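Written below as structure tokens is the structure these notes are about.
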């Protein structure tokens with residue numbers, strides 16, 4: 001079981017472990033409870049990564065204090081996770097846009113082109129980048145959902 | 001104090017894994033399942049690290065590193081398969 005540590009180190013390690021586990025639980029709760037895929041992508045990609053980072057920091061502190069030398073494997077795992085999680089979240093978002101996974105309003109997200117929303121909502125049409133007016137507003141019944 | 005904190009953290013990670021498993025079974029689209037699997041990898045890493053602290057053993061970190069690598073590569077492969085239809089073109 002756990003060895004003997006100074007009280008302050010033990011308190012800091014406990015706080016880091018509990019905080020990390022709470023963040024990971026929050027991220028998983030978001031994954032389970034939020035409404036569409038684009039919202040669900042937020043929980044695991046931010047909160048869970050931070051939570052696992054907290055747990056790994058607590059573990060690194062624990063083994064560093066107990067053995068008197070800096071413990072490398074946790075730092076490696078943390079660096080690897082913090083590098084790879086944004087990449088996989090980006091790939092998942094790209095795949096969802098490619099598959100036209102419906103968002104919370106029922107419309108496929110890839111169908112919302114630039115400018116179509118604001119002109120359809122009644123905002124004045126802004127001129128395009130080259131001075132010409134922007135594309136005419138789509139009739140409101142074009143948008144599915 | 002530390003062993004109690006570790007037990008509470010392990011309980012929270014198990015609850016998180018159960019929520020991920022629910023999303024993995026339920027998920028309406030393929031990408032929800034891929035995302036749930038990716039989150040399960042990350043939570044399994046945290047669970048392994050907590051077990052390593054509880055037992056005072058360094059052996060768990062090797063498996064945590066392996067799971068991190070395999071999880072990332074499998075997520076990328078699944079996304080690539082969904083996007084392009086095959087993995088290695």
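The values are calculated or read from the model by the stated rules, or taken from the named source; none is laboratory data. Computed from a predicted structure; not experimentally measured. A quick note on method: Cβ atoms are made from the backbone with ideal geometry, for glycine too, and the neighbour counts reach across all protein chains shown.
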task: Could you tell me which residue of the range B:50-68 is surrounded by the fewest Cβ atoms within 10 Å (Cβ to Cβ), considering only residues that are facing chain A (nearest Cβ under 7 Å) and under 12 Å from the mean Cα position of the chain (by Cα)?
output: B:65
- request: Go over the candidates A:106, A:3 one by one and state the one that is under 23 Å from residue B:60 (Cα atoms), modelled with pLDDT under 85, out of contact with any strand residue (DSSP E or B) (no Cβ under 6 Å at 6 or more places or on another chain) and not in a helix (DSSP H, G or I).
  value: A:3
query: Does residue A:54 satisfy the criteria of being surrounded by 15 or more Cβ atoms within 10 Å (Cβ to Cβ), free of Cβ contacts under 8 Å to residues at least 60 places away in the same chain and either under 21 Å from the mean Cα position of the chain (by Cα) or more than 30 Å from residue B:82 (Cβ to Cβ) (or both)?
result: yes
- request: Give the residue that is surrounded by the most Cβ atoms within 10 Å (Cβ to Cβ), with candidates limited to residues of the range B:1-37 that are within 18 Å of residue A:101 (Cα to Cα) and within 7 Å of chain A (Cβ to nearest Cβ).
  value: B:35
task: Just give me the residues in the range A:6-45 being at the interface with chain B (Cβ under 9 Å from one of its Cβ atoms), within 21 Å of residue B:52 (Cβ to Cβ) and not in a helix (DSSP H, G or I), in sequence order.
output: none
